[in-house]
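Taking it in order: structure first as structure tokens, then the write-up.
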Amino acid sequence: MDFLCKKYLLQMIQILHNARCSKSRECLAFLTESNSEYEIIEYLKTPPTVAQLQEIIAKLGIKPIELIRRKEPLWIEKFEGKKYTPASLLKIMVKNPILIERPIVINGDKAVIARPLEKAADII
């Protein structure tokens with residue numbers, strides 16, 4: 001199912017989650033403890049499309065570069081120090097989803113990068 005499906009935007013919180021990330025696991029636990037219904041999107045297994053990333057970025061109110069984990073070794077080794085257009089950054093994230101900041105919590109037309117974790121409370 002498309003993770004930005006309109007049906008879920010109105011009904012269910014979504015978390016773009018990486019099970020290997022401690023902050024992502026903490027956010028998942030927070031959502032569980034808050035008794036919120038949520039859908040887990042394992043974005044490394046099912047990377048978002050360019051259109052989905054555009055939608056997420058719009059909900060976050062940020063620029064594409066702000067969604068990239070610039071301390072990630074892959075970014076440093078392959079991409080750091082070069083000039084990119086917003087469109088090229090989106091394509092880089094689609095091909096290399098490990099570069100996408102996490103966790104991202106989406107609730108309707110709002111989204112946050114839940115770092116610190118308390119940011120998730122603002123939209124649930």
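The values are calculated or read from the model by the stated rules, or taken from the named source; none is laboratory data. These numbers come from a predicted model, not from an experiment. All Cβ positions, glycine included, derive from the backbone under ideal geometry; neighbour counts span all protein chains shown. With ligands, DNA and RNA removed, areas are computed over all heavy atoms of the protein, side chains included. Shrake-Rupley method; radii C 1.70, N 1.55, O 1.52, S 1.80 Å.
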In whole angstrom, the spacing between the Cα centers of the stretch 63-79 and the stretch 84-104 equals 8
Farthest toward positive dipole pole in the chain [+1 Lys/Arg, -1 Asp/Glu at C-beta], among THR32, ILE13, GLN52:
GLN52
Okay, helix-only estimate at 222 nm for the chain: each DSSP H run of n ≥ 4 adds -39500 (n - 2.57), divide by all residues, round to 500 deg cm²/dmol; what do you get?
-10500 deg cm²/dmol
Using alpha-carbon pairs under 8 Å, 6+ residues apart, how would you state the relative contact order of the chain in percent?
34
How much of the accessible area of the stretch 29-78, probe 1.4 Å, is carbon plus sulfur, in whole percent?
52
Over 23 Å between alpha carbons, listed pairs LYS63/LYS83; LYS23/LYS78; LYS63/LYS110; LYS23/LYS45
LYS23/LYS78
Rounded to whole Hz and in sequence order, give me ³J(HN,Hα) for the stretch 104-117 from the Karplus expression 6.51 cos²θ - 1.76 cosθ + 1.60, θ = phi - 60°, writing x for Gly and Pro.
10, 10, 10, 9, x, 9, 10, 8, 9, 8, 7, 10, x, 3
In 5 Å bins starting at 0, how do the alpha-carbon pair distances of the stretch 50-118 split up by percent?
3, 17, 29, 25, 16, 7, 2, 0
Rolling a 1.4 Å sphere over the protein heavy atoms, what is the accessible area per residue of the chain, to the nearest Å²?
57
With everything on Cα atoms, drop me the angle between helix 86-95 and the longest principal axis of the chain, reported from 0 to 90° to the nearest 10.
70
How high is the relative contact order of the stretch 63-118, in percent, counting Cα pairs under 8 Å that sit 6 or more residues apart?
32
Given +1 on the Cβ of Lys and Arg, -1 on the Cβ of Asp and Glu, and no further charges, what dipole in debye does the chain carry about its Cα centre, rounded to the nearest 20?
540
Please compute the alpha carbon radius of gyration of the chain, then divide it by the globular-protein estimate 2.2 N^0.38 Å. Two decimals is fine.
1.01
In the chain the DSSP beta bridges are antiparallel at a rate, in percent to nearest 5, of 65
